[in-house]
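Only one structure is covered here, and it is reproduced in the block below.
The values are calculated or read from the model by the stated rules, or taken from the named source; none is laboratory data. Note that the structure is a prediction, hence the values are computed from the model and not measured. With ideal geometry, Cβ positions are generated from the backbone for all residues, glycine too; neighbour counts draw on all protein chains shown. These area figures cover heavy atoms from the full protein model, side chains too; ligands, DNA and RNA do not enter into them. Shrake-Rupley method; radii C 1.70, N 1.55, O 1.52, S 1.80 Å.
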Amino acid sequence: MQTLSIIIPVYNEKNTITELLKRVQQVSIPLKKEIIIIDDYSTDGTREILKGLEKEDIKVLLQEKNGGKGKAVKRGFQESTGDFTIIQDADLEYDPEDYLGLLEPVLNGKANVVFGSRFIGDKPHRVLYFWHSIGNKVLTLLSNIFTNLNLTDMETCYKLLDRKALNLVKDKLSADRFGIEPEITAILSRSKLSIYEVGISYSGRTYAEGKKIGWKDGVSAIYHIIKCNLRK
């Protein structure tokens with residue numbers, strides 16, 4: 001049976017990590033699951049929860065210092081042994097029930113990479129910040145200008161890669177924080193791999209509920225879009 005490696009970067013998510021893992025384990029897909037959790041030096045008790053969760057199908061990796069989402073994802077990519085690999089945030093904004101739809105194009109042999117888009121399809125979306133949605137669309141547009149792709153959601157967490165795509169990306173990543181999203185996209189755009197988008201649901205958080213990304217990350221994303229696309 002083929003395997004889906006699920007890379008879960010975690011930082012201070014003690015209120016959601018147990019429920020997220022439950023959802024990941026319960027979702028029905030025609031693949032074996034390899035769950036790899038990378039704790040980015042949480043200080044809220046998440047680390048202690050994770051130490052008790054490691055099982056045969058769950059690998060827990062504890063970073064020695066806080067390095068950012070990008071660094072955690074890079075470590076997860078290096079540890080992945082699956083035929084396919086997907087990034088899963090730990091904050092419950094993204095629903096593992098969408099895995100099946102994301103897997104369909106790769107299992108059918110049509111795609112090497114699938115982006116889960118929050119801006120297409122008819123699945124439920126929580127109504128939140130207007131300027132966040134505008135920011136996401138501006139960043140996606142800027143990325144598309146450089147990559148010549150027609151993505152609708154470059155900043156999405158859900159990026160599913162087959163083994164060929166993962167091997168292409170994993171040793172070329174340098175961004176340590178949220179710049180990992182445009183960097184992965186830039187690297188893939190220079191390949192001849194087949195890229196698809198699939199509509200997904202989205203249950204965004206407010207800042208009071210723990211949302212971490214802010215305007216500084218948007219500025220950083222612009223920098224990484226330009227840097228990564230100009231880099232050979």
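Worth pointing out:
Residues are listed down the side, and each one gets a yes or a no for (1) within 27 Å of TYR11 (Cβ to Cβ); (2) touching a Pro at 6+ places or on another chain (Cβ under 8 Å):
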{"residue": "GLU104", "(1), (2)": "no, no"}
{"residue": "VAL114", "(1), (2)": "yes, yes"}
{"residue": "ILE134", "(1), (2)": "yes, no"}
{"residue": "PHE146", "(1), (2)": "no, no"}
{"residue": "ASN150", "(1), (2)": "no, no"}
{"residue": "ASP162", "(1), (2)": "no, no"}
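- Members of the stretch 165-185 found to be of a type in the set (Gly, Ala, Ser) and closer than 23 Å to GLY218 by Cα, listed by number: SER174, ALA175, GLY179
- Residue match in the stretch 44-56 (condition: in contact (Cβ under 8 Å) with a residue 12 or more places away in the chain and under 24 Å from LEU103 (Cβ atoms)): no
- Any hit, the stretch 14-21, residues being assigned to a helix (DSSP H, G or I), closer than 30 Å to ASN144 by Cα and more than 18 Å from the chain's Cα centre (by Cα): no
- Selected residue (criterion: farthest from GLY82 (Cα to Cα)) from residues of the stretch 24-56 that are among the acidic types (Asp, Glu) and out of contact with any helix residue (DSSP H, G or I) (no Cβ under 8 Å at 6 or more places or on another chain): ASP44
- Within the stretch 22-38, being within 18 Å of the chain's Cα centre (by Cα) and open to solvent by less than 80 Å² (accessible area, probe 1.4 Å) holds for VAL24, GLN25, VAL27, LYS33, GLU34, ILE35, ILE36, ILE37, ILE38.
- Answer from LEU103, LEU50 - the residue that is open to solvent by less than 10 Å² (accessible area, probe 1.4 Å) and either at pLDDT 95 or above or of a type in the set (Asp, Glu) (or both): LEU103
- For the stretch 66-79, the candidate set comprises residues that are open to solvent by 10 Å² or more (accessible area, probe 1.4 Å) and touching a helix residue (DSSP H, G or I) at 6+ places or on another chain (Cβ under 8 Å); within that set, the residue that is farthest from GLU155 (Cα to Cα) is LYS74.
- Sub-6 Å Cβ pairs linking a first residue in the stretch 155-175 that is at positive phi and surrounded by fewer than 21 Cβ atoms within 10 Å (Cβ to Cβ) to a second residue that is of a type outside the set (A, V, I, L, M) and in a strand (DSSP E or B), at least 6 apart or interchain, number zero.
- Meets criteria (open to solvent by less than 10 Å² (accessible area, probe 1.4 Å) and in contact (Cβ under 8 Å) with a residue 12 or more places away in the chain) for THR185: yes
- Residues of the stretch 191-215 that turn out to be open to solvent by 60 Å² or more (accessible area, probe 1.4 Å) and either modelled with pLDDT of 95 or more or in a helix (DSSP H, G or I) (or both), as a count: 2
- In the stretch 22-32, residue nearest to ARG47 (Cα to Cα) [restricted to those that are part of a helix (DSSP H, G or I) and not aliphatic (A, V, I, L, M)]: LYS22
- Qualifying positions in the stretch 80-94 - among the aromatic types (Phe, Trp, Tyr) and open to solvent by 10 Å² or more (accessible area, probe 1.4 Å): PHE84
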